[in-house]
Amino acid sequence: MTAITVNPVLRVAPAAPTEAAAHFRAGLAFHTDVSDVAAALAAGGDPGFVVVDSRSTEAWDQGHVPGAVHLPTALVREQAAHLLDRSVPVVTYCWGPGCNGAARAALALAELGYPVKEMLGGFEYWVREGLEFETWQGRERRAPDPLTAPADAGECGC
């Protein structure tokens, strides 16, 4: 008798399409990405949300998303009410995919009653996509990383 080998991808069967749709729809309620945040901010006017940098002061000084509010994760509970309006959705970010500071800040904000999403990719991908950022010395921009940045410098094309 021949044993049937199942590859690692299909060892656990995919979810039913309706379950998959519910899962991915729910994920989009919690996350946004660098390209979408940048496009909303570049459109001009009120984007309908505020961006919060949850990193340390030293990290903030190295660079941050233009117009972001600096609110380190450890200070969310004591300072959020002074810096943020509960009726305005908040988009949090930290260093990048290897950092959970934005998720921890988003959790604290949600527990305080703020509508919140996390920006996937964080500041790392903001810079890697060649987007302008602010430092204490002014605005900067680096060349886009061809492995992460859209070829046409527009939307990610996903």
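Return a whole-number percent for the relative contact order of the stretch 22-158, with Cα pairs under 8 Å and 6 or more residues apart as the contact set.
26 percent
Going by average Cβ neighbours within 10 Å, how do the peptides 131-142, 12-23, 55-66 rank, with the highest at the top?
Sorting 131-142, 12-23, 55-66 by mean packing, highest first, produces 55-66, 131-142, 12-23.
Grab the DSSP H runs of the chain that are 4 residues or longer, score each as -39,500 (n - 2.57), total them, divide by all residues and round the 222 nm result to the nearest 500 deg cm²/dmol.
My calculation for the chain gives -10000 deg cm²/dmol from helical runs alone.
What fraction of the DSSP beta bridges in the chain is antiparallel, stated in percent and rounded to the nearest 5?
That works out to approximately 25 percent antiparallel.
Take the solvent-accessible surface of the protein heavy atoms, probe 1.4 Å, and return the percent of it on the stretch 36-130 that carbon and sulfur atoms account for. List each step's numbers first, then the result.
Details: 2380 of 4390 Å².
Ligands and nucleic acids excluded, carbon and sulfur reach 54 percent.
So how tilted is helix 101-111 from the main axis of the chain? Cα-based, degrees 0 to 90, rounded to 10.
With rounding to tens, the tilt is 80 degrees.
Under 5 Å between amide hydrogens, which residues at least 5 positions from K117 or on another chain qualify, with H placed 1.01 Å from N in the peptide plane?
Those qualifying (amide H under 5 Å, at least 5 residues apart or on another chain) are V90, V91, T92.
Could you run the Debye sum over the Cα atoms of the stretch 36-158, one equal point scatterer each and no solvent, and tell me log10 of I(q)/I(0) at q = 0.18 Å⁻¹, two decimals?
-0.95
So what is the accessible area of the chain per residue, in Å², with the probe set to 1.4 Å?
On a per-residue basis, the chain sits at 62 Å².
For D145 and L107, compute 0.36 nm times the residue count separating them, minus their Cα-Cα distance, and round to one decimal in nm.
Going from the current span to full extension adds 10.6 nm.
Quantify how much of the Cα-Cα distance distribution of the stretch 4-76 extends past 13 Å, in percent.
So the pairs more than 13 Å apart make up 77 percent of the total in the stretch 4-76.
What do you get for Rg/Rh of the stretch 1-40 when both radii come from the Cα atoms and Rh is the Kirkwood radius?
1.29
No solvent, one uniform scatterer per C-alpha: report log10 I(q)/I(0) for the stretch 77-146 via the Debye equation at q = 0.13, 0.17, 0.22, 0.29 1/Å, two decimals.
Log10 I(q)/I(0), no solvent term: -0.45, -0.71, -0.96, -1.16.
Between T135 and L75, how high is the FRET efficiency from 1/(1 + (r/R0)^6) when r is the Cβ-Cβ distance and R₀ = 22 Å? Nearest 0.05.
0.55
Once the Cα atoms of helix 17-30 and of the chain are each reduced to a long axis, what angle between those two axes, in degrees from 0 to 90 to the nearest 10, is obtained?
Its long axis makes an angle of about 10 degrees.
The values are calculated or read from the model by the stated rules, or taken from the named source; none is laboratory data. Because the structure is a prediction, the values reported are computed rather than measured. All Cβ positions, even for glycine, are placed from backbone atoms using ideal geometry, and neighbour counts span all protein chains on display. The area values use the complete protein model at the heavy-atom level, side chains included, leaving out ligands, DNA and RNA. Shrake-Rupley method; radii C 1.70, N 1.55, O 1.52, S 1.80 Å.
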